[in-house]
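The values are calculated or read from the model by the stated rules, or taken from the named source; none is laboratory data. For clarity, every value in this text was computed on a predicted model and none was experimentally measured. A quick note on method: Cβ atoms are made from the backbone with ideal geometry, for glycine too, and the neighbour counts reach across all protein chains shown.
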Amino acid sequence: MKIRINGQEADITLENEKTLGEIITNMIQWLESSGHRLSGISVDGSPVHYSSLNDIFPKEIACVETLDLYTSSLAVLTAESLLCLLKDAEIYENLDFNDRKTFFTNWKESVHANFINEQMPDLYNVFINSFQGNEISPRAVISITEERLREIKEPMNEFEKIQPLLEETCERLVNLALDIQTGKDSRASQTIQLFSGISEKIIRIVKQFGIQGFMTDETNGEKPIIRIMSEFGELINELSNAYEKHDTVLVGDIAEYEAAPKLQELYSSIIKKSRQPAQAEK
């Protein structure tokens with residue numbers, strides 16, 4: 001049996017697979033590990049609808065001449081889903097109260113909503129909050145979704161743009177202990193929120209760097225990014241726990257002597273190890 005991926009014959013050696021289901025399942029796992037998703041299937045020139053997959057899975061490969069698999073990159077699928085969500089938010093914003101209920105019911109069953117629930121559950125929950133009429137407005141949802149779309153389409157540009165905010169956040173972290181000691185609770189709370197927000201954004205963009213090939217695995221004797229990310233994650237948990245326990249001394253020490261320098265180290269390391277390949281997805 002000949003296997004083609006996006007029209008190109010694949011150099012795949014079958015081992016113990018006997019049915020199409022076994023081959024397709026293995027291919028799906030391989031595609032997901034390489035940042036892609038299966039977007040279409042054709043057997044001997046006949047397209048197969050997803051609702052008919054269960055019918056073809058038991059088919060023996062000896063009875064098939066050609067299996068065509070069509071793929072899309074995860075970045076492209078995510079960008080397409082975000083564009084659909086932007087349209088949803090704009091439509092919802094202009095609906096009356098009764099129409100909004102019906103719209104929300106149908107929206108939850110849409111393919112792009114379920115895809116975002118899988119890939120970006122935090123953003124999905126923002127839409128749930130807004131579409132249920134809670135505190136997040138449709139306008140705010142649109143702004144958040146536009147930011148996520150920029151992170152997908154122009155991750156390098158979006159990452160470089162956060163440097164001024166990162167430097168401000170580090171400066172505020174250094175002064176956090178003093179803010180707490182002098183009773184500037186509102187400013188201290190804002191600093192923690194800034195640190196949390198920029199940390200989440202860095203993690204999201206680094207994920208895109210990995211998916212889209214903007215990150216090199218070469219260490220050149222330096223500390224690996226994965227190790228820095230792991231240390232940074234542990235630091236976030238330590239700071240969060242100390243803040244929740246109102247341990248102001250520990251919060252101040254972690255913020256000044258660990259969080260600020262570690263945030264700078266993470267940003268600088270990512271800039272050094274990132275690159276813009278000519279074939280990067282747009």
Every pair of residues 6+ apart whose Cβ atoms lie under 9 Å, when the first sits in the stretch 237-253 and is free of Cβ contacts under 8 Å to residues at least 60 places away in the same chain and in the same structural domain as Glu200 (by TED's automatic domain parsing) while the second is exposed (fewer than 15 other Cβ atoms within 10 Å of the Cβ) and not in a helix (DSSP H, G or I): Asn241/Asp247
Any residue at all in the stretch 124-145 that's touching a residue at least 60 places away in the same chain (Cβ under 8 Å) and either surrounded by fewer than 17 Cβ atoms within 10 Å (Cβ to Cβ) or not hydrophobic (A, V, I, L, M, F, W, C) (or both)? yes
Among the residues of the stretch 169-193, write down those that are modelled with pLDDT of 95 or more and within 30 Å of Ala79 (Cβ to Cβ). Thr169
What tally of residues in the stretch 1-22 results from selecting those that are under 17 Å from Pro47 (Cβ atoms) and either among the β-branched types (Val, Ile, Thr) or in contact with a Cys (Cβ under 8 Å, 6 or more places away or on another chain) (or both)? 2
What do you reckon, is Leu149 touching a residue at least 60 places away in the same chain (Cβ under 8 Å), more than 30 Å from Tyr257 (Cβ to Cβ), of a type outside the set (Ser, Thr, Tyr) and surrounded by 16 or more Cβ atoms within 10 Å (Cβ to Cβ)? yes
Considering only strands (runs of 3 or more DSSP E) wholly within the stretch 1-118, the ones with at least 2 residues that are closer than 30 Å to Gly210 by Cα are 2-5, 36-43, 66-73
